[in-house]
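The values are calculated or read from the model by the stated rules, or taken from the named source; none is laboratory data. In this text, all values refer to a predicted model and were calculated from it rather than measured experimentally. All Cβ positions, glycine included, derive from the backbone under ideal geometry; neighbour counts span all protein chains shown. All accessible areas refer to the heavy atoms of the entire protein, side chains included, with ligands and DNA or RNA removed. Shrake-Rupley method; radii C 1.70, N 1.55, O 1.52, S 1.80 Å.
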Amino acid sequence: MTGLAPSASRIRRHTQPESTNGGRLLIVDDDPSAIRAMSRMLSRYPDQRFATSGADALRLARESPPDLVLLDADMPGMSGFELCGAIRADPAMSHVPVIFATSHDTPTLRDAARQHGAVDFVTKPLDGSIVAQCVSSHLRGKVLGAPEGPEGEVRGEPSLVYRQMKPRLLVVDDDVAAIQLLRSTLSDMGDLYFATSGEEAIKLAHRYAPDLILLDAQMPDTDGFEVCRALKSQPAFLQVPIVFVTRHCDPKSEMRALDLGAADFIAKPYTRAILLARVRNLLALKHRTDAELLLTREHWHRVSDTRIADIVGAASDAIVTFDAGDKLVLINEAACRMFGVDKAEAIGSPAHSLLGEFVAQLETRDAQPARITAASSDGSSFFAEMSASRSGEGEEQLTTVMLRDIGHRERLETESLARLEAEAASRSKTRMLSYIAHEMGNPLNGLLGFAELMRIDGDNRLQASQVERLGHIVTCGTQLQVLMRDVLDVGRFEAGCLNVETTSLDAVSCVAEAAASVGALAVLAGVTLSCGGVSDVVRVVADAGRLQQCLLNLMTNAIKYSLPGSHVDIAVTERSREVAISIRDKGIGMNELQLHHLFEPFNRLGRHRSGKPGAGLGLVITRQLVEAMRGRLEVESSIGEGSCFTIFLPAPEPAQATRQTGEVAHER
């Protein structure tokens with residue numbers, strides 16, 4: 001935490017347990033039942049005021065500034081965001097923590113809440129223990145961060161009164177490129193520190209005391225497993241989550257990491273959103289655990305005190321404490337739910353009746369967290385992560401066991417492994433098909449070449465029936481060439497090496513050339529191509545050859561699935577900073593299920609029964625090519641009414657260079 005640090009006397013005074021009336025709360029929601037529910041959850045704070053509109057809440061806050069505001073985002077009149085901004089703009093209240101409580105939990109809403117100055121976000125339906133813990137944590141943070149005035153009162157200087165400490169993350173990897181990727185992914189999560197070796201990681205961990213460590217498994221000197229073992233053997237790092245982020249994702253390595261005390265195991269290449277979600281959850285859990293353990297360690301000799309019991313009771317992890325005589329002296333609500341027992345009946349009962357054989361193992365087990373299989377009172381079993389700590393000696397000794405249900409994490413890991421295996425199988429299939437398509441190219445070109453020679457050979461003229469059959473051979477060979485080209489493009493895209501050369505070109509000319517190429521096909525199908533709504537020149541940034549390929553795929557499909565006598569309408573329109581090329585047919589259309597599976601390779605949506613040629617790759621390639629040109633492909637369709645495919649591509653900037661060449665890399 002930057003800024004002025006409170007003196008030692010202030011720290012001692014402020015870390016005493018809060019009194020039950022230690023916070024003035026303002027609860028704001030346009031739903032009275034929601035206000036009543038939050039009021040009951042926070043009954044330990046009797047000084048509560050309520051408002052059902054933003055205007056009333058602002059008036060009450062200005063009359064007597066609260067210590068914390070809990071408000072809904074969506075309200076008639078002044079919204080929660082506007083109210084939060086007004087509170088932040090008032091010098092007398094700029095330090096007041098604001099927590100949003102709403103049922104609309106989206107990244108956009110969370111970002112908007114942070115931008116308006118909110119310090120936290122809880123989601124409806126509300127969990128009483130989470131709300132109480134959140135409010136208690138932020139009230140505690142407000143008091144600890146507040147400087148005193150001359151009379152010992154807390155002053156309201158906005159820049160110092162309330163400031164949350166940023167989490168500290170230590171990233172350890174000997175691959176600089178991997179560090180850079182993690183830096184860009186986690187830049188908004190907190191303060192980042194980096195190490196490229198195991199020895200350096202241990203030194204930085206002692207220097208900066210990180211809240212979370214992301215660790216590669218294989219490094220040249222001290223590997224990640226040794227770093228994890230070294231850190232977890234020290235009390236200062238027992239509660240610090242360690243996440244392995246590594247390419248060595250075999251089950252044996254994962255089990256080894258988790259046995260050493262790692263909190264999670266993520267395989268490279270990872271999905272950015274999943275990595276952020278796991279890091280965010282672990283940091284939130286670390287924040288809650290730190291707050292709970294801090295208070296528990298400072299006042300453990302008063303473990304039966306109601307105030308401490310409330311704090312432990314609100315913890316999301318199960319907490320059980322027993323004395324030297326094996327008698328339970330504390331069990332929180334999370335533990336009661338986990339084991340399916342009544343709190344009143346559990347207090348005073350033998351600890352081994354709840355924890356079984358693990359009580360005896362605690363004497364020989366080291367301080368590292370362990371994965372166990374625990375049993376509930378109904379006989380069902382569940383996976384849990386257990387850690388234990390002791391305080392006092394002899395008859396005064398108390399043992400506290402914390403358990404975290406990791407069954408959900410186990411399921412997620414199983415699903416993640418299955419997904420990785422499926423993706424690997426898909427990549428192997430695509431590589432195999434690409435190899436076959438490449439190897440078939442030369443003999444197929446030779447076949448088509450000799451067929452053309454037979455057709456133009458004046459010395460050995462073919463009969464009419466032979467010429468017709470030769471035409472069928474050429475047609476089939478040409479279709480096979482197109483299929484192989486599409487298969488090769490799919491392989492290049494999945495390998496991340498699909499090449500495009502973008503330049504500023506005339507979209508109208510490209511459309512006209514593509515329409516001319518499929519004109520004969522349209523005549524044979526009895527379909528009319530109409531290029532209405534096209535102006536003289538419309539500039540677009542694209543690869544000329546790839547754009548032609550996309551247009552030919554879409555126009556061919558439109559003609560193929562249109563009814564005889566119908567029209568295919570093609571339009572080019574300029575929009576804000578982009579160009580739209582739409583191809584609309586009056587064909588058979590698609591239903592919702594077909595639209596959902598439209599871009600799956602080799603899936604023809606049941607159209608193979610119609611006798612129409614194709615392999616189900618044209619639309620897949622088209623969308624990949626459009627995205628490679630920094631555009632997008634949208635589709636609208638209804639059964640019996642036809643379909644409309646629209647390519648959106650960027651328009652050239654005024655000062656844009658006429659040519660940009662590059663290799664497009666795709667993140668999977």
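Structural remarks
- Selection count where residues are open to solvent by 60 Å² or more (accessible area, probe 1.4 Å) and in contact with a helix residue (DSSP H, G or I) (Cβ under 7 Å, 6 or more places away or on another chain), scope the stretch 392-406: 1
- So ALA51, is it buried (at least 18 other Cβ atoms within 10 Å of the Cβ) and modelled with pLDDT of 90 or more: yes
- A single member of THR123, THR108 is of a type in the set (S, T, N, Q) and within 30 Å of GLU333 (Cα to Cα), and it is THR123.
- Looking only at residues in the stretch 311-370 that are modelled with pLDDT of 80 or more, of a type in the set (S, T, N, Q) and in a loop (DSSP other than H, G, I, E, B), the one that is farthest from the chain's Cα centre (by Cα) is SER349.
- Inside the stretch 526-547, residues that are buried (at least 19 other Cβ atoms within 10 Å of the Cβ) and modelled with pLDDT of 85 or more make up a count of 8.
- Selection of the stretch 576-587 for residues being touching a residue at least 40 places away in the same chain (Cβ under 8 Å) and either surrounded by fewer than 17 Cβ atoms within 10 Å (Cβ to Cβ) or in contact with a Pro (Cβ under 9 Å, 6 or more places away or on another chain) (or both) yields ARG577, GLU578, VAL579.
- Residue match in the stretch 445-459 (condition: within 25 Å of ARG546 (Cβ to Cβ), of a type in the set (A, V, I, L, M, F, W, C) and modelled with pLDDT of 70 or more): yes
- Among the residues making up the stretch 54-73, a single one is in contact (Cβ under 8 Å) with a residue 40 or more places away in the chain and surrounded by fewer than 17 Cβ atoms within 10 Å (Cβ to Cβ): SER64.
- Filter result (assigned to a loop (DSSP other than H, G, I, E, B), touching a strand residue (DSSP E or B) at 6+ places or on another chain (Cβ under 6 Å) and open to solvent by 40 Å² or more (accessible area, probe 1.4 Å)) within the stretch 94-123: ASP105
- In the stretch 219-254, of all residues being of a type in the set (Lys, Arg) and free of Cβ contacts under 8 Å to residues at least 60 places away in the same chain, the one that is surrounded by the most Cβ atoms within 10 Å (Cβ to Cβ) corresponds to ARG229.
- So VAL122, is it more than 18 Å from ARG24 (Cβ to Cβ), among the hydrophobic types (A, V, I, L, M, F, W, C) and touching a Phe, Trp or Tyr at 6+ places or on another chain (Cβ under 9 Å): yes
- If you go through the stretch 255-267 and keep only what is assigned to a helix (DSSP H, G or I), touching a residue at least 24 places away in the same chain (Cβ under 8 Å) and either out of contact with any helix residue (DSSP H, G or I) (no Cβ under 8 Å at 6 or more places or on another chain) or on the phi > 0 side of the Ramachandran plot (or both), you end up with LEU258, ASP259.
- Selection count where residues are modelled with pLDDT under 90 and small (Gly, Ala, Ser), scope the stretch 225-240: 1
- Options THR289, THR246: the member that is β-branched (Val, Ile, Thr) and touching a Lys or Arg at 6+ places or on another chain (Cβ under 7 Å): THR246
- Yes/no for VAL500 being surrounded by 13 or more Cβ atoms within 10 Å (Cβ to Cβ), at pLDDT below 80 and in a strand (DSSP E or B): yes
- Lone unmet requirement of (1) in contact with a strand residue (DSSP E or B) (Cβ under 8 Å, 6 or more places away or on another chain); (2) of a type outside the set (A, V, I, L, M, F, W, C); (3) under 20 Å from SER637 (Cβ atoms) for THR556: (1)
- Among all residues of the stretch 416-426, there is none that is in a helix (DSSP H, G or I), under 26 Å from ASP317 (Cα atoms) and at pLDDT below 70.
- ILE559 vs. criteria hydrophobic (A, V, I, L, M, F, W, C) and either open to solvent by less than 60 Å² (accessible area, probe 1.4 Å) or within 23 Å of GLU627 (Cβ to Cβ) (or both): yes
- Restricting attention to the stretch 185-218, the residues that are in a loop (DSSP other than H, G, I, E, B), open to solvent by less than 10 Å² (accessible area, probe 1.4 Å) and at pLDDT 90 or above add up to 1.
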